[in-house]
Amino acid sequence: MSSNFVSSGQESEILLDDNQPNVTWQNRIYTALRKCYSWRRMVKTLAIGQLLSFCVCGAGVASQALKRHHFDAPTTQSFLYYYLLAITYGALLAYKCSKEGAAGGILDILKRRGWKYLFVAFADVEGNYAMVLAYQYTSLTSVQLLDSFAIVGVMVLSWFVLKVRYRLIHYVGVVICVVGTVALVFADIKTSRASGQASNPALGDFLVLLGATLLSISNIAQEYFVKRFDWIEFVGMIGILGSFISGIQLIVIERHSLDNIDWSQDGTSVGVVNIWHDC
């Protein structure tokens, strides 16, 4: 049975068969090199993906450690992250605009599509806030497993926003992963309740799903903006606007929590926060 699913950006290829009479040795070498290049690119992609997974895991472990040290300030963690992006890539964006002679620079970008970046920055900030806050209520295992729900959100949004079309095997793989994730999460909830590791697993899991949904919006917007404009512009604007949003949220929600932290004595929390940002 033929399938109507077509992968996005995938061009049809005609693989050369050695039994075809008109195939020359040059064509065979060219085909072999193309296959080798495809394998190298796939291995490189898998390696980068594993590195990113390791960083996400490290950030999760750091958040769990902060919970044990009673560091209840998830927005503060995110604010430092956006602040570093703002001073690094915001400055790089300003230099790039001045070098290209763009009239107005960053202000011109804000006037033309600033509201779009503001929406994406809000989704990114609140997504990270929900994910970090979830560690206060549920276990590390549940957070790491339910975080994969972002894959479902990305596939749905990419279908409507980016007009991406996947193959049937992609959907089958996602369904299998989601079913396995749900089963493992239910098992972890029972274990956490029995051992008392999680104070409110249902609320924590809801926060993870909410965070994963918001971050999937941010991921789709990232691909949209990077392909149409520039990755430096995207990262710089998210850093600037994310610092603005998380800074206001920090002052409104977490100023009392920060007042109760003895920064001179609790050096461990400061070190763990640094590890979280490194990841």
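The values are calculated or read from the model by the stated rules, or taken from the named source; none is laboratory data. Keep in mind that what you see is a predicted model, and the values were worked out from it rather than measured. Note that we place each Cβ from the backbone using ideal geometry, even for glycine, and neighbour counts take in every protein chain shown. Protein only, heavy atoms only, side chains kept; ligands, DNA and RNA dropped before computing areas. Shrake-Rupley method; radii C 1.70, N 1.55, O 1.52, S 1.80 Å.
Using the structure shown, decide if residue 44 is assigned to a helix (DSSP H, G or I), modelled with pLDDT of 75 or more and either within 30 Å of residue 165 (Cβ to Cβ) or in contact with a Ser or Thr (Cβ under 8 Å, 6 or more places away or on another chain) (or both). Explain how you work it out, then say what you get.
Values: assigned to a helix (DSSP H, G or I): yes; modelled with pLDDT of 75 or more: yes; either within 30 Å of residue 165 (Cβ to Cβ) or in contact with a Ser or Thr (Cβ under 8 Å, 6 or more places away or on another chain) (or both): yes.
When the stated conditions are applied, residue 44 passes them.
Open to solvent by 10 Å² or more (accessible area, probe 1.4 Å), modelled with pLDDT of 85 or more and either farther than 21 Å from residue 239 by Cβ or outside any helix (DSSP H, G or I) (or both), is that true of residue 155?
On the way: open to solvent by 10 Å² or more (accessible area, probe 1.4 Å): yes; modelled with pLDDT of 85 or more: yes; either farther than 21 Å from residue 239 by Cβ or outside any helix (DSSP H, G or I) (or both): yes.
So residue 155 passes the test.
Within region 105-152, track down each residue that is open to solvent by less than 40 Å² (accessible area, probe 1.4 Å), of a type in the set (Val, Ile, Thr) and within 17 Å of residue 202 (Cα to Cα).
Answer for region 105-152, where residues must be open to solvent by less than 40 Å² (accessible area, probe 1.4 Å), of a type in the set (Val, Ile, Thr) and within 17 Å of residue 202 (Cα to Cα): 132, 138, 143.
Would you mind telling me which numbered condition in (1) over 14 Å from residue 246 (Cβ atoms); (2) open to solvent by less than 70 Å² (accessible area, probe 1.4 Å) residue 78 fails?
All conditions pass for residue 78, except number (1).
Take region 188-226 and flag every residue that is assigned to a helix (DSSP H, G or I), modelled with pLDDT under 85, open to solvent by less than 50 Å² (accessible area, probe 1.4 Å) and farther than 17 Å from residue 150 by Cα.
188, 189, 192, 201, listed by residue number.
Here is a yes/no grid of residues against (1) assigned to a helix (DSSP H, G or I); (2) touching a residue at least 60 places away in the same chain (Cβ under 8 Å); (3) closer than 13 Å to residue 239 by Cα; (4) of a type in the set (Phe, Trp, Tyr):
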residue	(1), (2), (3), (4)
108	yes, no, no, no
120	yes, yes, yes, no
127	yes, yes, no, no
133	yes, yes, no, no
137	no, yes, no, yes
144	yes, yes, no, no
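Report, by residue number, each residue of region 166-182 that is surrounded by 14 or more Cβ atoms within 10 Å (Cβ to Cβ) and over 21 Å from the mean Cα position of the chain (by Cα).
167 - this is the single residue of region 166-182 that is surrounded by 14 or more Cβ atoms within 10 Å (Cβ to Cβ) and over 21 Å from the mean Cα position of the chain (by Cα).
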